[in-house]
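This report refers to the structure that appears directly beneath it.
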Amino acid sequence: MDATDGNLAFEHVKMPGARFYVADLSGARFEQVDLTGVVMRGVELIDVDIDGAVWNLRINGVDVAPLIHAELDRRYPDRAKMRPTDPAGFREAWELVERLWDETVARARQLDSVLLHESVDGEWSFIQTLRHLLFATDAWIRRVVLGDPRPWDPLDLPFDQMKDESGVPRDRDARPSLDEVLALRKDRMATVRRVLHDLTDEALNSSTSPVLEPGWPESVSYPVRECLLCILNEEWQHRLYAERDLDALESRAGAARA
């Protein structure tokens, strides 16, 4: 527990089974918090923004998760393609990911390069988002699927809540140029493309061999299908976050010119 600006901050704490009674949590912020099995009674849930994995969420007796996922599929018709079931579907999904990111990067290039290092609402900057995707690809594709024990680049950016791992870089304050990061992204995306080009039904339904050297994720076997779905989800979600933040950055740039 820590205190910042007079506000309590709970970090890396475990409170399973905790009970909050007549508690005021207005204005609280929860990040990377496991709320599995939480029960809320008599709550006032007004003007709340929730972003995360939502399943089996009942509000006033209604399971709203299917409604949420159906609405997301309606808003983003290509979203369903991020749930492929066969090698051809994975290849199609990756082609879509690359095309969408090309559009997002083209949009980012219209901004002053300084803005690409700015955080929006405490989230990663645009450059940091790209650096995290380098890490995700190195972790799930190069390390887990391809078995490279040391796939990391110094610009890889793990998620903030990950504990330090031997040999895994974590330089949150680095400020590489967009082109520098995009050169690494081009290499990593080409690696995924090659993996999917060679993907067969047999390989898709197989499991990986554990990489015994220290790193992340932990050294166990993983279903290849889950690794590939993980990287698709990372690419899809973080592009949406980037687009959301570019909206805010464009507004800032517009206000500065006014």
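Let's see how each residue does on (1) aromatic (Phe, Trp, Tyr); (2) closer than 30 Å to residue 227 by Cβ; (3) touching a Lys or Arg at 6+ places or on another chain (Cβ under 9 Å):
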position: 11; (1), (2), (3): no, yes, no
position: 14; (1), (2), (3): no, yes, no
position: 21; (1), (2), (3): yes, no, no
position: 47; (1), (2), (3): no, no, no
position: 52; (1), (2), (3): no, yes, no
position: 58; (1), (2), (3): no, no, no
position: 71; (1), (2), (3): no, yes, no
position: 82; (1), (2), (3): no, yes, no
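The numbered conditions (1) within 19 Å of the chain's Cα centre (by Cα); (2) farther than 23 Å from residue 92 by Cα are all true for residue 166 except (1).
Can you confirm whether residue 138 is under 24 Å from residue 214 (Cα atoms) and free of Cβ contacts under 8 Å to residues at least 24 places away in the same chain? Before the answer, list the steps.
Working: under 24 Å from residue 214 (Cα atoms): yes; free of Cβ contacts under 8 Å to residues at least 24 places away in the same chain: no.
In short, no.
The number of residues in the range 120-143 that are of a type in the set (Val, Ile, Thr), farther than 13 Å from residue 234 by Cβ and either at pLDDT 95 or above or assigned to a helix (DSSP H, G or I) (or both) comes to 1. Can you pull out the residues in the range 103-119 that are of a type in the set (S, T, N, Q) and not in a helix (DSSP H, G or I)? Scanning the range 103-119 gives 110, 119. May I ask you to verify whether residue 178 is within 19 Å of residue 238 (Cα to Cα), touching a helix residue (DSSP H, G or I) at 6+ places or on another chain (Cβ under 7 Å) and crowded, with 17+ Cβ neighbours inside 10 Å? Here the answer is yes, as residue 178 does meet what is asked.
Of the residues 100, 116, 72, which single one is modelled with pLDDT under 95 and either surrounded by 11 or more Cβ atoms within 10 Å (Cβ to Cβ) or among the aromatic types (Phe, Trp, Tyr) (or both)? Talk me through it step by step, then tell me what you get.
Working: 100 fails: modelled with pLDDT under 95; 116 fails: modelled with pLDDT under 95.
Going through 100, 116, 72 in turn, the sole match is 72.
Under the condition of being touching a helix residue (DSSP H, G or I) at 6+ places or on another chain (Cβ under 8 Å) and under 18 Å from residue 236 (Cβ atoms), which residue from the range 54-69 is surrounded by the most Cβ atoms within 10 Å (Cβ to Cβ)? So, considering only residues that are touching a helix residue (DSSP H, G or I) at 6+ places or on another chain (Cβ under 8 Å) and under 18 Å from residue 236 (Cβ atoms), the one surrounded by the most Cβ atoms within 10 Å (Cβ to Cβ) is 54.
Of all residues in the range 181-202, count the ones that are surrounded by 13 or more Cβ atoms within 10 Å (Cβ to Cβ) and either closer than 17 Å to residue 92 by Cβ or charged (D, E, K, R) (or both).
Of the residues in the range 181-202, the ones surrounded by 13 or more Cβ atoms within 10 Å (Cβ to Cβ) are 181-182, 184-185, 188-189, 191-193, 195-196, 199.
From the residues that got through so far, the ones that are either closer than 17 Å to residue 92 by Cβ or charged (D, E, K, R) (or both) too are 185, 188-189, 192-193, 195-196, 199.
The qualifying residues number 8.
Name every residue in the range 119-141 that is crowded, with 22+ Cβ neighbours inside 10 Å and more than 21 Å from residue 179 (Cβ to Cβ), in order of residue number. Result: 139, 140, 141. Residues in the range 162-182 that are under 22 Å from residue 119 (Cα atoms) and among the aliphatic types (A, V, I, L, M): 162, 174, 178, 181, 182. The sole residue among 108, 93, 88 that is surrounded by 15 or more Cβ atoms within 10 Å (Cβ to Cβ) and under 22 Å from residue 226 (Cα atoms) is 93.
Looking only at the range 181-228, residues that are in contact with a helix residue (DSSP H, G or I) (Cβ under 8 Å, 6 or more places away or on another chain) and assigned to a helix (DSSP H, G or I) come to 19 in all.
Go through the residues of the range 201-219 one by one and say whether even a single one is among the charged types (D, E, K, R), over 17 Å from the mean Cα position of the chain (by Cα) and at pLDDT 95 or above. The answer is yes; a qualifying residue exists.
Residues in the range 240-257 that are among the acidic types (Asp, Glu) and closer than 11 Å to residue 115 by Cβ: 245, 250.
The values are calculated or read from the model by the stated rules, or taken from the named source; none is laboratory data. All values reported here derive from a predicted model rather than from experimental measurement. All Cβ positions, glycine included, derive from the backbone under ideal geometry; neighbour counts span all protein chains shown.
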